[in-house]
Amino acid sequence: MIEFLRSQDIYHLLGFFIIYSFAGWVWESGYCSLKERKLINRGFLNGPFLPLYGCGAVSVYLLLYPYRDQWIAVYAGGALTATLLEYVTSWLMERFFDANWWDYSREKFNIHGRICLRASLLWGVFSLALIRVVHPAVAVFLDSLPEGPVRVAEMVFVIVFAADLAATVAASIDIKKALRKMEGIRLELASYLEGHPLAGQFQNVMVPDILKSLKEQWDDLKKYLPSVPSKGVISEYRQELENKVAELLRSYEKLARIHQRITKRYFKAYPHFRSRRHSRSLQDLKDYIEDRRKEK
(Lines give C-alpha, C1' and ligand atoms only; values in the text may rest on other atoms or scores of the structure.)
Protein backbone atom coordinates (compact mmCIF):
# COMPACT_ATOMS: atom_id res chain seq x y z
CA MET A 1 0.00 0.00 0.00
CA ILE A 2 2.78 2.45 0.98
CA GLU A 3 4.78 1.62 -2.15
CA PHE A 4 1.68 2.12 -4.29
CA LEU A 5 1.09 5.59 -2.84
CA ARG A 6 4.72 6.53 -3.34
CA SER A 7 4.52 5.50 -6.99
CA GLN A 8 1.80 8.06 -7.76
CA ASP A 9 2.64 11.38 -9.40
CA ILE A 10 0.84 14.71 -9.71
CA TYR A 11 0.59 14.43 -13.50
CA HIS A 12 -1.56 11.28 -13.37
CA LEU A 13 -3.53 12.21 -10.25
CA LEU A 14 -4.48 15.61 -11.66
CA GLY A 15 -5.43 13.98 -14.96
CA PHE A 16 -7.62 11.47 -13.13
CA PHE A 17 -9.24 14.27 -11.11
CA ILE A 18 -10.09 16.25 -14.26
CA ILE A 19 -11.52 13.23 -16.08
CA TYR A 20 -13.63 12.03 -13.15
CA SER A 21 -14.84 15.54 -12.28
CA PHE A 22 -16.02 15.99 -15.86
CA ALA A 23 -17.51 12.47 -16.00
CA GLY A 24 -19.38 13.14 -12.74
CA TRP A 25 -20.79 16.37 -14.15
CA VAL A 26 -21.92 14.57 -17.33
CA TRP A 27 -23.53 11.81 -15.26
CA GLU A 28 -25.36 14.10 -12.83
CA SER A 29 -26.37 16.73 -15.40
CA GLY A 30 -27.45 14.10 -17.92
CA TYR A 31 -29.51 12.17 -15.39
CA CYS A 32 -31.21 15.28 -13.98
CA SER A 33 -31.79 16.73 -17.46
CA LEU A 34 -33.51 13.55 -18.62
CA LYS A 35 -35.51 13.36 -15.40
CA GLU A 36 -36.70 16.98 -15.62
CA ARG A 37 -36.83 17.02 -19.44
CA LYS A 38 -34.75 20.19 -19.63
CA LEU A 39 -31.05 21.04 -19.66
CA ILE A 40 -29.60 21.36 -16.17
CA ASN A 41 -26.06 22.32 -15.14
CA ARG A 42 -25.81 20.07 -12.11
CA GLY A 43 -22.82 21.68 -10.51
CA PHE A 44 -21.71 24.00 -7.75
CA LEU A 45 -19.26 25.57 -10.20
CA ASN A 46 -20.11 27.33 -13.46
CA GLY A 47 -17.88 25.04 -15.49
CA PRO A 48 -18.62 21.41 -16.46
CA PHE A 49 -16.97 19.82 -13.45
CA LEU A 50 -18.14 18.27 -10.19
CA PRO A 51 -15.12 18.27 -7.84
CA LEU A 52 -16.93 15.96 -5.40
CA TYR A 53 -16.80 13.17 -7.98
CA GLY A 54 -13.18 13.93 -8.84
CA CYS A 55 -12.11 13.89 -5.20
CA GLY A 56 -14.19 10.79 -4.49
CA ALA A 57 -12.87 8.82 -7.46
CA VAL A 58 -9.21 9.73 -6.78
CA SER A 59 -9.62 8.92 -3.06
CA VAL A 60 -11.20 5.53 -3.83
CA TYR A 61 -8.43 4.82 -6.35
CA LEU A 62 -5.61 5.69 -3.93
CA LEU A 63 -7.12 3.77 -1.01
CA LEU A 64 -8.55 0.72 -2.74
CA TYR A 65 -6.76 0.03 -6.03
CA PRO A 66 -4.13 -2.13 -4.30
CA TYR A 67 -7.04 -4.34 -3.13
CA ARG A 68 -8.79 -4.47 -6.52
CA ASP A 69 -9.06 -8.26 -6.43
CA GLN A 70 -10.99 -8.17 -3.13
CA TRP A 71 -14.47 -7.27 -4.34
CA ILE A 72 -16.12 -7.04 -0.92
CA ALA A 73 -13.35 -4.82 0.45
CA VAL A 74 -13.57 -2.52 -2.58
CA TYR A 75 -17.37 -2.28 -2.33
CA ALA A 76 -17.43 -1.62 1.43
CA GLY A 77 -14.39 0.67 1.38
CA GLY A 78 -15.74 2.64 -1.58
CA ALA A 79 -19.15 3.07 0.00
CA LEU A 80 -17.57 4.26 3.27
CA THR A 81 -15.06 6.61 1.61
CA ALA A 82 -17.59 8.28 -0.69
CA THR A 83 -20.21 8.56 2.05
CA LEU A 84 -17.74 10.17 4.44
CA LEU A 85 -16.64 12.60 1.72
CA GLU A 86 -20.27 13.49 0.91
CA TYR A 87 -21.07 14.12 4.58
CA VAL A 88 -17.98 16.29 5.16
CA THR A 89 -18.62 18.27 1.95
CA SER A 90 -22.24 18.92 2.93
CA TRP A 91 -21.19 19.96 6.44
CA LEU A 92 -18.49 22.33 5.16
CA MET A 93 -20.79 23.95 2.59
CA GLU A 94 -23.45 24.50 5.24
CA ARG A 95 -20.85 25.84 7.63
CA PHE A 96 -19.42 28.38 5.18
CA PHE A 97 -22.54 29.31 3.20
CA ASP A 98 -25.44 28.62 5.60
CA ALA A 99 -27.02 26.56 2.81
CA ASN A 100 -27.59 22.99 1.67
CA TRP A 101 -27.35 21.97 -1.97
CA TRP A 102 -28.82 18.48 -1.48
CA ASP A 103 -31.07 16.95 1.14
CA TYR A 104 -31.72 13.27 1.89
CA SER A 105 -34.15 13.99 4.72
CA ARG A 106 -36.97 12.18 2.92
CA GLU A 107 -34.86 9.08 2.40
CA LYS A 108 -34.90 6.23 4.88
CA PHE A 109 -31.85 5.77 7.10
CA ASN A 110 -30.40 9.22 6.53
CA ILE A 111 -28.09 11.20 8.81
CA HIS A 112 -28.96 14.90 9.08
CA GLY A 113 -30.15 14.80 5.48
CA ARG A 114 -26.51 14.80 4.33
CA ILE A 115 -26.16 11.10 3.55
CA CYS A 116 -28.47 8.11 3.32
CA LEU A 117 -28.23 4.33 3.02
CA ARG A 118 -29.47 4.19 -0.58
CA ALA A 119 -26.83 6.65 -1.79
CA SER A 120 -24.11 4.87 0.18
CA LEU A 121 -25.00 1.52 -1.41
CA LEU A 122 -24.82 3.16 -4.85
CA TRP A 123 -21.44 4.65 -4.01
CA GLY A 124 -20.26 1.11 -3.33
CA VAL A 125 -21.44 -0.03 -6.76
CA PHE A 126 -19.77 2.96 -8.44
CA SER A 127 -16.53 2.29 -6.56
CA LEU A 128 -16.50 -1.34 -7.63
CA ALA A 129 -17.13 -0.35 -11.26
CA LEU A 130 -14.43 2.32 -11.01
CA ILE A 131 -11.73 0.01 -9.68
CA ARG A 132 -12.58 -3.06 -11.78
CA VAL A 133 -13.59 -1.51 -15.12
CA VAL A 134 -13.41 2.27 -15.47
CA HIS A 135 -10.04 3.20 -14.00
CA PRO A 136 -7.90 0.70 -15.96
CA ALA A 137 -9.40 2.13 -19.17
CA VAL A 138 -8.91 5.74 -17.99
CA ALA A 139 -5.27 5.04 -17.07
CA VAL A 140 -4.59 3.52 -20.50
CA PHE A 141 -6.32 6.48 -22.17
CA LEU A 142 -4.28 9.06 -20.24
CA ASP A 143 -1.00 7.26 -20.97
CA SER A 144 -1.87 7.16 -24.68
CA LEU A 145 -1.93 10.97 -24.85
CA PRO A 146 1.21 13.03 -25.55
CA GLU A 147 2.50 14.10 -22.14
CA GLY A 148 3.66 17.60 -23.12
CA PRO A 149 0.30 18.94 -24.38
CA VAL A 150 -1.52 17.22 -21.52
CA ARG A 151 0.68 18.96 -18.95
CA VAL A 152 -0.09 22.30 -20.59
CA ALA A 153 -3.82 21.44 -20.60
CA GLU A 154 -3.61 20.53 -16.92
CA MET A 155 -2.01 23.88 -16.08
CA VAL A 156 -4.73 25.71 -18.00
CA PHE A 157 -7.35 23.64 -16.16
CA VAL A 158 -5.86 24.52 -12.77
CA ILE A 159 -5.99 28.25 -13.57
CA VAL A 160 -9.55 28.16 -14.96
CA PHE A 161 -10.74 25.85 -12.18
CA ALA A 162 -9.24 28.08 -9.47
CA ALA A 163 -10.85 31.18 -11.00
CA ASP A 164 -14.23 29.45 -11.29
CA LEU A 165 -14.01 28.16 -7.72
CA ALA A 166 -13.03 31.58 -6.35
CA ALA A 167 -15.84 33.33 -8.24
CA THR A 168 -18.45 30.78 -7.20
CA VAL A 169 -17.37 30.80 -3.55
CA ALA A 170 -17.42 34.60 -3.51
CA ALA A 171 -20.90 34.65 -5.07
CA SER A 172 -22.18 32.06 -2.58
CA ILE A 173 -20.80 34.08 0.33
CA ASP A 174 -22.50 37.17 -1.14
CA ILE A 175 -25.79 35.25 -1.22
CA LYS A 176 -25.29 34.33 2.43
CA LYS A 177 -24.71 38.00 3.29
CA ALA A 178 -27.67 39.10 1.14
CA LEU A 179 -30.01 36.63 2.84
CA ARG A 180 -28.81 37.88 6.21
CA LYS A 181 -29.57 41.48 5.15
CA MET A 182 -32.94 40.42 3.73
CA GLU A 183 -33.73 38.73 7.02
CA GLY A 184 -32.76 41.93 8.82
CA ILE A 185 -35.17 43.91 6.62
CA ARG A 186 -37.85 41.32 7.32
CA LEU A 187 -37.34 41.78 11.07
CA GLU A 188 -37.41 45.56 10.66
CA LEU A 189 -40.68 45.27 8.75
CA ALA A 190 -42.08 43.04 11.48
CA SER A 191 -41.00 45.47 14.18
CA TYR A 192 -42.46 48.45 12.32
CA LEU A 193 -45.75 46.77 11.47
CA GLU A 194 -46.37 45.38 14.95
CA GLY A 195 -47.37 48.80 16.21
CA HIS A 196 -49.81 49.53 13.40
CA PRO A 197 -53.38 48.19 13.46
CA LEU A 198 -53.66 48.35 9.66
CA ALA A 199 -50.75 45.93 9.31
CA GLY A 200 -52.94 42.84 9.82
CA GLN A 201 -51.59 39.32 9.67
CA PHE A 202 -48.36 40.19 7.89
CA GLN A 203 -46.54 37.20 9.42
CA ASN A 204 -48.01 34.86 6.81
CA VAL A 205 -47.37 37.16 3.85
CA MET A 206 -44.21 37.00 1.76
CA VAL A 207 -42.22 40.22 2.05
CA PRO A 208 -42.67 41.30 -1.62
CA ASP A 209 -46.46 41.04 -1.14
CA ILE A 210 -46.72 43.01 2.11
CA LEU A 211 -47.28 46.41 0.50
CA LYS A 212 -49.97 44.98 -1.78
CA SER A 213 -51.58 43.31 1.22
CA LEU A 214 -51.60 46.57 3.19
CA LYS A 215 -53.26 48.44 0.32
CA GLU A 216 -55.90 45.74 -0.02
CA GLN A 217 -56.60 45.91 3.71
CA TRP A 218 -56.92 49.68 3.51
CA ASP A 219 -59.39 49.43 0.61
CA ASP A 220 -61.42 46.86 2.55
CA LEU A 221 -61.38 49.08 5.62
CA LYS A 222 -62.74 52.06 3.66
CA LYS A 223 -65.86 50.05 2.75
CA TYR A 224 -66.79 49.93 6.43
CA LEU A 225 -65.76 53.48 7.16
CA PRO A 226 -67.62 55.64 4.63
CA SER A 227 -67.10 58.71 6.73
CA VAL A 228 -63.32 58.45 6.66
CA PRO A 229 -62.01 61.69 5.15
CA SER A 230 -59.77 61.50 2.11
CA LYS A 231 -57.41 63.84 3.91
CA GLY A 232 -56.34 64.22 7.48
CA VAL A 233 -54.70 62.10 10.16
CA ILE A 234 -55.86 58.70 8.89
CA SER A 235 -54.81 59.45 5.33
CA GLU A 236 -51.44 60.73 6.51
CA TYR A 237 -51.05 57.68 8.71
CA ARG A 238 -51.76 55.43 5.73
CA GLN A 239 -49.24 57.31 3.54
CA GLU A 240 -46.58 57.14 6.25
CA LEU A 241 -47.09 53.41 6.61
CA GLU A 242 -46.98 52.74 2.89
CA ASN A 243 -43.92 54.95 2.36
CA LYS A 244 -42.00 53.17 5.11
CA VAL A 245 -42.90 49.72 3.83
CA ALA A 246 -42.12 50.74 0.22
CA GLU A 247 -38.70 51.99 1.31
CA LEU A 248 -37.87 48.70 3.01
CA LEU A 249 -39.20 46.69 0.07
CA ARG A 250 -37.00 48.60 -2.37
CA SER A 251 -33.94 47.56 -0.36
CA TYR A 252 -35.24 44.00 -0.14
CA GLU A 253 -35.89 43.66 -3.87
CA LYS A 254 -32.56 45.28 -4.76
CA LEU A 255 -30.79 42.44 -2.93
CA ALA A 256 -33.00 39.88 -4.67
CA ARG A 257 -32.31 41.40 -8.08
CA ILE A 258 -28.53 41.45 -7.62
CA HIS A 259 -28.32 37.78 -6.63
CA GLN A 260 -30.96 36.23 -8.82
CA ARG A 261 -28.63 34.87 -11.53
CA ILE A 262 -26.58 32.41 -9.49
CA THR A 263 -29.43 31.47 -7.15
CA LYS A 264 -31.60 30.81 -10.20
CA ARG A 265 -29.03 28.22 -11.34
CA TYR A 266 -28.89 26.70 -7.86
CA PHE A 267 -32.68 26.41 -7.69
CA LYS A 268 -32.73 24.79 -11.12
CA ALA A 269 -29.88 22.35 -10.48
CA TYR A 270 -30.68 21.54 -6.85
CA PRO A 271 -34.44 21.40 -6.06
CA HIS A 272 -33.57 20.93 -2.38
CA PHE A 273 -31.28 23.96 -2.21
CA ARG A 274 -32.19 25.70 1.04
CA SER A 275 -30.84 28.07 3.66
CA ARG A 276 -30.31 26.79 7.17
CA ARG A 277 -31.04 30.14 8.87
CA HIS A 278 -32.87 32.27 6.31
CA SER A 279 -35.38 29.92 4.70
CA ARG A 280 -38.17 32.51 4.36
CA SER A 281 -35.91 35.07 2.68
CA LEU A 282 -34.60 32.39 0.33
CA GLN A 283 -38.19 31.46 -0.52
CA ASP A 284 -38.89 35.15 -1.20
CA LEU A 285 -35.89 35.18 -3.52
CA LYS A 286 -37.18 32.08 -5.29
CA ASP A 287 -40.61 33.69 -5.70
CA TYR A 288 -39.00 36.89 -6.99
CA ILE A 289 -37.07 34.92 -9.65
CA GLU A 290 -40.22 33.04 -10.66
CA ASP A 291 -42.21 36.29 -10.95
CA ARG A 292 -39.52 37.83 -13.17
CA ARG A 293 -39.57 34.72 -15.36
CA LYS A 294 -43.35 34.93 -15.82
CA GLU A 295 -43.13 38.61 -16.72
CA LYS A 296 -40.83 37.91 -19.68
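The values are calculated or read from the model by the stated rules, or taken from the named source; none is laboratory data. Just so it is clear, the model here is predicted, and its values are computed rather than measured. In this analysis, Cβ positions are derived from the backbone assuming ideal geometry, glycine residues included, and neighbour counts consider all displayed protein chains.
Per-residue answers, yes or no, for (1) more than 14 Å from residue 65 (Cβ to Cβ); (2) over 18 Å from the mean Cα position of the chain (by Cα); (3) at pLDDT below 80; (4) outside any helix (DSSP H, G or I):
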{"position": "5", "(1), (2), (3), (4)": "no, yes, yes, no"}
{"position": "8", "(1), (2), (3), (4)": "no, yes, no, yes"}
{"position": "11", "(1), (2), (3), (4)": "yes, yes, no, no"}
{"position": "16", "(1), (2), (3), (4)": "no, yes, no, no"}
{"position": "21", "(1), (2), (3), (4)": "yes, no, no, no"}
{"position": "29", "(1), (2), (3), (4)": "yes, no, no, no"}
{"position": "33", "(1), (2), (3), (4)": "yes, no, no, no"}
{"position": "40", "(1), (2), (3), (4)": "yes, no, no, yes"}
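The single condition among (1) surrounded by 11 or more Cβ atoms within 10 Å (Cβ to Cβ); (2) modelled with pLDDT under 95 that residue 127 does not meet is (2).
Considering only the range 1-25, state which residues are farther than 16 Å from residue 140 by Cα and surrounded by 14 or more Cβ atoms within 10 Å (Cβ to Cβ). First the steps, then the outcome.
Initially, the range 1-25 is screened for residues farther than 16 Å from residue 140 by Cα, giving 1-7, 10, 21-25.
Those that are farther than 16 Å from residue 140 by Cα and surrounded by 14 or more Cβ atoms within 10 Å (Cβ to Cβ): 21, 22, 23, 24, 25.
The number of residues in the range 244-274 being at pLDDT below 70, crowded, with 18+ Cβ neighbours inside 10 Å and among the β-branched types (Val, Ile, Thr) comes to 1.
Based on what the data block shows, is residue 105 of a type in the set (Gly, Ala, Ser) and closer than 16 Å to residue 135 by Cα? Spelling it out, it is not the case that residue 105 is of a type in the set (Gly, Ala, Ser) and closer than 16 Å to residue 135 by Cα.
For the range 42-67, a tally of residues being among the polar types (S, T, N, Q) and modelled with pLDDT under 90 returns 1. Selection over the range 110-154 of residues that are of a type in the set (Val, Ile, Thr) and more than 21 Å from residue 82 (Cα to Cα) gives a count of 3. Just give me the residues in the range 43-54 being closer than 15 Å to residue 166 by Cα and part of a helix (DSSP H, G or I), in sequence order. Scanning the range 43-54 gives a single hit, 51.
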